[in-house]
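What follows is a short report on a single structure.
Just so it is clear, none of the values below were taken in a lab; they were calculated from the coordinates. Just so it is clear, the structure is predicted and the values come from calculations on it, not from any experiment. Cβ coordinates were reconstructed from backbone atoms using ideal geometry, including for glycine residues, and neighbour counts include every protein chain displayed.
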Amino acid sequence: MSNIYVDTIRKTGGSLGTDIRVKNTSVYESDGGTSVTQNLVQALCKAWYDIDGSSTASVLDSFNSASLTDNGTGDFTVTRATAMNSTSYACGAMSDFDSGDSRVVTVTSNQGSTARSTTVIRHALQDTSANGHDPDHFSALIMGDLA
């Protein structure tokens with residue numbers, strides 16, 4: 001096997017660092033050698049967001065998130081800019097409150113139904129007494145295949 005050492009990768013006719021394509025089957029190799037590889041595209045986070053849920057809900061920072069809807073106390077809907085390939089994706093979420101423990105219940109929904117959706121995800125946040133609660137910070141990430 002040959003090695004290629006470069007400082008800059010450019011697409012033919014492109015500018016610095018633009019239009020580089022990575023195929024869905026591309027893998028990367030860990031420092032340990034060829035025995036440990038990972039699919040590069042599947043390993044990437046497809047959407048994430050950090051939300052300030054106190055008072056007026058707002059998105060502090062995000063990737064692939066088009067909009068936030070505050071449905072009521074502790075009830076938020078996030079719409080993705082690019083849909084997932086199917087409803088088989090994973091969502092991890094966490095939140096913090098001023099005091100006490102918090103729970104995040106993630107409900108995927110489509111227009112208020114409980115059916116999973118490729119573009120919309122709804123989060124219900126509760127305190128330990130199962131009361132709706134607006135968090136100071138709430139964040140989530142979504143892993144899976146994009147459409």
- request: Please order Leu141, Leu60 by the number of other Cβ within 10 Å, starting at the fewest.
  value: Leu60, Leu141
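Using a Förster radius of 25 Å, what is the FRET efficiency between Thr69 and Gln42 based on their Cβ-Cβ separation? Nearest 0.05, please. Numbers along the way, then the final one.
Values: r = 29 Å, r/R0 = 1.16.
Efficiency for this residue pair is about 0.30.
Could you compute the net charge surrounding Gly72? Neighbours are other residues with a C-beta less than 12 Å from the C-beta of Gly72; K and R count +1, D and E count -1.
Values: positive: Arg122; negative: Asp70, Asp75, Asp134.
It works out to a net charge of -2.
What net charge do the residues around Met143 carry, taking every other residue with its C-beta under 14 Å from that of Met143, with Lys and Arg at +1 and Asp and Glu at -1? All intermediate terms of the calculation are to be shown ahead of the outcome.
On the way: positive: Lys46, Arg80; negative: Asp145.
Net charge in that neighbourhood comes out at +1.
Neighbour counts of other C-beta atoms within 10 Å: give me Lys46, Lys23 arranged from fewest to most.
Numbers: Lys46 21, Lys23 8.
Neighbour counts put them in this order, fewest first: Lys23, Lys46.
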field: For Val27, residues with placed amide H under 5 Å, excluding near neighbours
entry: Leu40
task: Could you go through the stretch 62-72 in sequence order and give the Karplus-derived ³J(HN,Hα) for each residue, using 6.51 cos²θ - 1.76 cosθ + 1.60 with θ = phi - 60°, rounded to whole Hz, and x for Gly and Pro?
output: 6, 9, 6, 10, 8, 7, 10, 10, 8, 7, x
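What's the exposure ranking of Met84, Met143, going from fewest to most Cβ atoms within 10 Å?
Details: Met84 22, Met143 16.
By the 10 Å Cβ count, ascending: Met143, Met84.
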